[in-house]
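Structure first, then comments.
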Amino acid sequence: LFGGSQKGIRGFILSFFLYSIPWCITSCYSGLIQELNFHFSDKAMDDEMMKIIETTVPFAVPATIMLMIYVVFSNWSTDKRQSKPLEMYLGVWSVILALICTFGIFFFLGIAFNPVTSTMPFLVLAVGIDDDFLMLAAWRELDFRIPLHQKVALVMADAGASITVTSFTNFFCFGLGYYMCSTPAVADFCLITAWAVLIDYLMQITFFAAVLCYSGRKEETGGLSSCCYKNERSCFRRRLTKNSRVIVPYMHKFFGEKFAPFILRRDVRFVSWVFFVVYTCAALYGCCILKVDISPVKYIRDNSPIQTFVKLADKYIWADNVMPTFHVMNPPDLRDAGKRARLNELVYRLEHTNYSIGRVSTNFWMWQYQQYLNDFPDVDYQTDFYNKKYLRDFFNQIDYSQYRANVKFVSNVSDGEPCIAAFTFETSFYGLDSWDKRQEELFRWRGILDEYPDFDMFLANIFSPFLIDQRHTIAPSSMQTIGAALAMMALISFFFLPDAQSVFLMTWSLLSISMGVCGGLALLGSDLDSVSMGCIVMAIGLAVDYSVHICYRYHRSECSKTAEKVKDTLCSVAWPITQAVSSTLFGLATTAFVPAYLVRVFFQTVYLVNIIGLTHALIWLPQLIAALDPCERVPLRLRLKKH
């Protein structure tokens, strides 16, 4: 061991010296060593979690800048009355102010900022800007000659209602995730996001509404952008006077006059529903192959040096060097042979599970103590087992001093009476080379311990039992959370949406999008864990937005035929929805460069829910509405007007 065999007296003394030094250090400072090891390991994981936050949060700056650039240029128009770049720029600032308020409140309350929460600013930026596009689209549809106060009221009546529905459904969805999620980090993410969405809603109907109002006062000179072309102010007034009709932007006309008739063609509907069947089959297949897998690797960065340690530990330490410590908190009276036999039976069962090494690996002080007592012929277990002299001499011997830390004594008992308050023993296992095997074995150990409730036992010093407990509960917990979220979204929409058909269509769209996100995550290589569960809850909240905007606008349409109603709906909200989706995809593109699993799953979820949701909103949902709605349906308010 130390470079060769040692012979002679000198070699024997040298070997004894080399062996004794580490043994003495370990024996005398075992508590300190364990504390230092725990502190180092715990601090290393805490530092790694902080590294994820430090890596992710700086990406919010380029994401915000990219989002600002996108909204400015996507709302710039040659028609200066329709051009609203500065208004949308301030709309991004309204979301930023909502984030500042949210973080200020929760940091004041002492809620920690964990790695999962670090993705929240990106999410709120993406969701919050959607409402600005809708309000601006509603503003552009109105005649500029309408009085300002009436114009603001019409915008809030048109876009404000659907914004209210989506904001409250998102709030309740994340609130439900907070109450039903068993993972504290994901629960905190849901809580902070829920309140951020609510505060952002308040900023939209106050701050951004005020921005539109101030822009309306200067609309004759080009809105807030009038400072960019002051010399053209008088010419611009003359153009507005000559052309006073409402000018529909080109993209709105494209979706209403070109795109809507195209998707309602019979051949296009047939092809699109064939694609929907293929999409549904792929989503169902992905949901079927989605497996539970929770590993420490997922909570550290891809390029972290701890990755190597975790992989080696998973391959060697946690697989073939597993020695759990079994704590007996209510020891039996070991003077009784029957109770000793029952305790030995427990140890025997633990030594003979599928992955047990066996008796040779068991480290149990009682057996050594019994051998020690057997060296004294006159010892009687009934009277001498708890003899303090024997116990003291046993634990003071060098060969048995290693067991001293395994036994807790009670000092205020008479000699010979039970004086052991608690003790531990260990036995080893091998072949646990997967988390499925570790989960199976851990629950087998717990099942054996549960059969001896009088011993009041638990086990420790093993591979992350918290992760294994999560593996056991994540699937039923996810099903309950997702099912409850879907049910709550349907219930809330029942109160906000105007008719049963809209509720049905919204629920169908929500189910389809959520299923597509779950299946898509599985096909992209994600597993069912605490991170993906939080992302799926987030996807349910985001999926509501697309269907609500379409259903609500379709019902408000005053056209009498389904084709005209679809045309009117897409003309009004298709382009704002497309802008919202494209701005989200553009702004969150930077998160793809964060080398962390939880950020990668967040990125995949946002992209999936936006792409699938946009497809539902622009193609499948309008086609289904047109197929289900009676051809000559007249809105209730028009029928009431006739009477």
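Bear in mind these aren't lab numbers, they're just calculated from the coordinates by the rules spelled out. All of these numbers come straight from a predicted model, not from anything done at the bench. When we count neighbours, we look across all protein chains shown, and the Cβ atoms used for this are built from the backbone with ideal geometry, even at glycine.
Odds and ends about this structure:
- Grouping the Cα pair distances of segment 323-462 into 5 Å bins from zero gives a pair-distance distribution of 2, 9, 18, 22, 19, 13, 8, 5, 2, 1, 0 percent in increasing distance order.
- Whole-Hz couplings from phi, Karplus 6.51/-1.76/1.60, listed for segment 336-345; x for Gly and Pro: 7, 5, x, 6, 5, 5, 5, 5, 5, 5
- Stretching the chain fully between PHE113 and ILE398 yields a gain of 97.7 nm (0.36 nm per residue, less the alpha carbon separation).
- Theoretical FRET efficiency, 1/(1+(r/R0)^6), r = Cβ-Cβ of VAL297 and PHE494, R0 41 Å, to 0.05: 0.45
- Segment 477-516 and segment 522-563 have Cα centres lying 9 Å from one another.
- Under the Karplus curve 6.51 cos²θ - 1.76 cosθ + 1.60, θ = phi - 60°, whole-Hz ³J(HN,Hα) for segment 560-573, x wherever Gly or Pro sits: 9, 10, 4, 4, 5, 5, 5, 4, 5, 5, 5, 4, 7, 10
- Potential extension, ILE53-SER77 segment - 0.36 nm per residue separation minus Cα distance: 4.7 nm
- Net +/- balance of residues flanking MET120 in space, Cβ distance below 14 Å, scoring K and R +1, D and E -1: -2
- For peptides 208-217, 378-387, sequence by mean Cβ density within 10 Å, most packed first: 208-217, 378-387
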